[in-house]
Amino acid sequence: MTDTVPASGTVHWIGVGLSTGGGLSGLCDSDAVRHVRVWHRTEDRAAEELAHLGLTGRAEPRAYTLPALTAELAPGDVVVSMLPAPEHAPLLAACVQGGAHFACSSYVSEAVLEHVPAAEAAGLVVLTECGLDPGIDHLFAHSLVTRAEHAIGAGTPASYRLTSYCGGIPAVPNDFRYRFSWAPAGVLGALRSPARYIEEGAETVAERPWEVTRPQDIGGEAFEVYPNRDSVPFVEQYGLPAAWKARTFVRGTLRLDGWLSAWDSVFEELKGGEDERIGSLARELAARYPTTDADRDRVVLAVSLEVDAEGDSDSGHRRSWSGRYLLDLEGDAAESAMARCVSRTLALGVRHIIDGSLPPGLSRAAETARRSEEWLNELGGEGMEFRLTVG
């Protein structure tokens with residue numbers, strides 16, 4: 001295996017949006033980081049965002065263009081992309097050319113995967129899916145699967161139900177039953193994408209995910225949930241034993257109770273499917289429901305696993321097991337809940353790139369059960385509050 005390129009101690013944070021928070025501050029305070037450069041649309045805007053975060057003088061503002069960044073990259077630097085997902089692949093290509101490591105919180109795309117072999121051969125880490133969802137949800141799932149294996153037995157025939165629901169919602173419910181924690185165009189785009197998941201033991205596709213929204217009780221509170229993207233590949237990624245069969249496997253989105261009816265007019269527009277109109281709708285919604293400094297958001301992430309053994313279980317193993325992780329955080333004046341979850345998890349991954357504990361090539365927040373437990377312990381030690389319930 002190619003050795004990992006030693007970290008230089010310089011971190012380039014690209015983009016300062018709604019998901020940037022205490023993680024960036026933590027990198028600025030880290031003894032292992034010598035320089036932090038924050039890149040935004042203009043140098044003035046970068047400086048304004050640093051001032052807003054209380055980081056003036058602790059990070060260097062830069063005007064972002066890909067050529068400008070490329071000119072400053074040095075071997076062993078770490079590039080953190082907070083840019084939209086389509087911009088990750090060209091940014092990663094620049095990292096490979098400059099000998100820099102790459103990290104983001106987004107799902108790994110086919111375009112990104114094309115550059116992974118070259119990055120691995122060069123000794124560079126490509127860290128993806130290292131935020132909230134995807135990110136912390138992966139950590140929770142790996143931990144639950146491991147605990148269930150110990151209780152039931154990985155080789156014991158069994159059936160299981162795994163659900164993972166996450167949502168950024170307003171801390172104080174509004175009439176719209178939502179608060180934009182990322183670009184409205186991205187929210188609408190996700191709703192227009194079909195969702196594949198497992199229900200009643202069979203793969204199912206929802207062409208319009210909101211049409212299969214259902215009520216969900218979490219901790220005695222009513223929410224609404226629907227499937228999101230393609231859940232099926234995560235059966236393998238989460239390491240579910242081959243002897244276990246999925247009754248339900250859904251990774252989805254969580255919304256406040258009443259969201260489905262509040263968004264009825266939006267769904268009617270989405271059914272039309274005209275890209276130009278959807279783009280206009282996104283701008284209209286952004287103007288109608290702006291996110292202000294006075295707003296307080298809330299993040300709820302609930303991951304649960306229930307396993308039932310079939311037939312006679314092995315001696316020493318249980319017949320059934322259930323477990324659930326719940327993260328329920330509210331933002332404050334210093335930092336939104338979304339920014340706390342995404343940026344601090346991503347910053348933890350960056351620190352592990354710097355300390356050399358991640359191998360060259362593609363990594364996600366959770367590649368093994370052991371790493372999941374380590375990262376959960378570290379996040380908990382940094383004040384990230386979540387609760388595990390085992391039954």
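The values are calculated or read from the model by the stated rules, or taken from the named source; none is laboratory data. Just so it is clear, the model here is predicted, and its values are computed rather than measured. Cβ placement follows ideal geometry from the backbone for every residue including glycine, while neighbour counts extend to all protein chains displayed. Remember, those area values only see protein heavy atoms, side chains included, never the ligands or the DNA or RNA. Shrake-Rupley method; radii C 1.70, N 1.55, O 1.52, S 1.80 Å.
Only DSSP H runs of four or more residues enter the estimate; each adds -39500 (n - 2.57), and after division by the residues of the chain the mean residue ellipticity at 222 nm equals -10000 deg cm²/dmol.
Within the shell of other residues whose beta carbon sits under 11 angstrom from the beta carbon of Thr4, the net charge comes to -3, with Lys and Arg scored +1 and Asp and Glu -1. Quick one: among Gly21, Gly323, Gly380, which has the greatest mean-square fluctuation in a GNM of the chain with alpha-carbon springs under 10 angstrom? Sorting by GNM fluctuation, first place goes to Gly380.
Excluding the sites themselves, what is the longest stretch of the chain that contains no GluC sites (Glu not before Pro) in a DSSP loop with at most 11 other C-beta atoms within 10 Å? Within the chain, the longest run free of exposed GluC sites (Glu not before Pro) spans 1-199.
Is the shape of the stretch 308-387 rounded, prolate or oblate, going by the alpha carbon gyration tensor and its root eigenvalues a ≥ b ≥ c, with a/c under 1.5 for rounded and a/b larger than b/c for prolate?
oblate
Rounded to the nearest whole Å², what accessible area per residue is found for the stretch 304-391 with the 1.4 Å probe?
Details: 3950 Å² over 88 residues.
Spelled out: the 1.4 Å probe surface of the stretch 304-391, per residue, equals 45 Å².
Roughly to the nearest percent, how much of the accessible area of the stretch 216-265 is carbon and sulfur, given a 1.4 Å probe? Can you show the working numbers first?
Working: 940 of 2010 Å².
The C+S portion of the solvent-accessible surface of the stretch 216-265 is 47 percent.
If you take all other residues with their beta carbon under 13 Å from the beta carbon of Thr42, and give Lys and Arg +1 and Asp and Glu -1, the sum is -1.
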